[in-house]
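Reviewing the structure listed below.
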Amino acid sequence: MGRQFKGLLYFFSSNVRHSLLIFWTILMSILVVTLTISYFLLNVEGEMAFSLTAPMYVYCGIMGFITVKEMVPFSIKMGATRKNLYVVIAIFFLLLSLFKAIAGTIIQVLVTSMNEAIGLNNFDFLHLAQFIDDTWYTRVVIDTAVMFFFLTLMFLLGLLFYRFGFAGAGSVLGILLVGLLLSIAKGWAWDFITNIVESFGMTFFLQMTIMSIVFYVLSFFLVRRITI
């Protein structure tokens, strides 16, 4: 079991390495271009803003979805048990979220320090932590929670498409959409959003983490019956 765990973790990390390299190369290139533009507009009124986290959230959503198609069937074909695979995917998602959260925070700290040193004061990063307490600790916790949420949510959605096809998964999404429209019509959605805005804090991201765990627990019933 221990060897299979290590083998699966190595396979998942090796498989994601190429896409991570491309992702960070593109993101850093855009960041450099934005910083360069900010430098030339230093004496112009206004401020440039850049978000490291939004692309990372999107990446995790895509990765959670394609994990089902690209990694799960191959792992089972190579002899991995569904139970071991289920545990390893959870560890992989958590480590990936934590890695990207820490990397994003380190980059933000380094760029901010560099900007302060050269006097580049018309550039700023956008982050959800700015609405709470913008420290490296809160940034790491928030980013880890949000990315883990998107990974588990899209993983569950990917399993629905893989197990039941477009018609089955589409039916589930249709029911959820009807429920969303009904909640909007009844005003429940607006009340929900208002409550989130009024009480926005670290508790919200704790609740998001709990939802992520619920999504992943639900995915077990699909993983244990998955075929190749």
Considering amide H positions built from the backbone, and no H for Pro or chain starts, which residues 5 or more places from PHE123, or on another chain, come under 5 Å of its amide H?
MET48
Exposure rank, largest accessible area first [LEU20, LEU41; 1.4 Å]:
LEU41, LEU20
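Determine, from the Cβ-Cβ distance of ILE175 and ILE62 and an R0 of 22 Å, the FRET efficiency 1/(1 + (r/R0)^6), rounded to the nearest 0.05.
On the way: r = 24 Å, r/R0 = 1.09.
Once the sixth-power term is evaluated, E becomes 0.35.
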Got a sec to turn the phi values of the stretch 19-35 into Karplus ³J(HN,Hα) couplings, 6.51 cos²θ - 1.76 cosθ + 1.60 with θ = phi - 60°, whole Hz, x for Gly and Pro?
5, 5, 4, 5, 4, 5, 5, 5, 5, 5, 5, 5, 4, 4, 4, 5, 5
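Could you tell me what percent of the accessible area of the stretch 66-153 is made up of carbon and sulfur, with a 1.4 Å probe and every protein chain present?
Numbers: 2930 of 4190 Å².
Solvent-exposed carbon and sulfur of the stretch 66-153 make up 70 percent of the total.
Would you kindly state how much longer the chain becomes between LEU21 and ARG82 on full extension, computed as 0.36 nm times their sequence separation minus their alpha carbon distance, in nm to one decimal?
Details: separation 61, 0.36 × 61 = 21.96 nm, distance 2.89 nm.
Extending this stretch completely gives an extra 19.1 nm.
For the stretch 1-119, with every protein chain kept in place, what is the accessible area per residue (1.4 Å probe, Å²)?
On the way: 6750 Å² over 119 residues.
Using a 1.4 Å probe on heavy atoms only, each residue of the stretch 1-119 averages 57 Å².
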Counting only protein chains, not ligands or nucleic acids, how are ARG163, ARG3 ordered by accessible area (probe 1.4 Å), most first?
ARG3, ARG163
Ignoring ligands and nucleic acids, what accessible area does TYR10 show with a 1.4 Å probe (Å², nearest 10)?
150
Calculate, in nm to one decimal, what ASN43 and MET114 gain on full extension: separation in residues at 0.36 nm each, minus their alpha carbon distance.
23.7 nm
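The values are calculated or read from the model by the stated rules, or taken from the named source; none is laboratory data. Computed from a predicted model, the values in this text were never measured in an experiment. When we count neighbours, we look across all protein chains shown, and the Cβ atoms used for this are built from the backbone with ideal geometry, even at glycine. The area values use the complete protein model at the heavy-atom level, side chains included, leaving out ligands, DNA and RNA. Shrake-Rupley method; radii C 1.70, N 1.55, O 1.52, S 1.80 Å.
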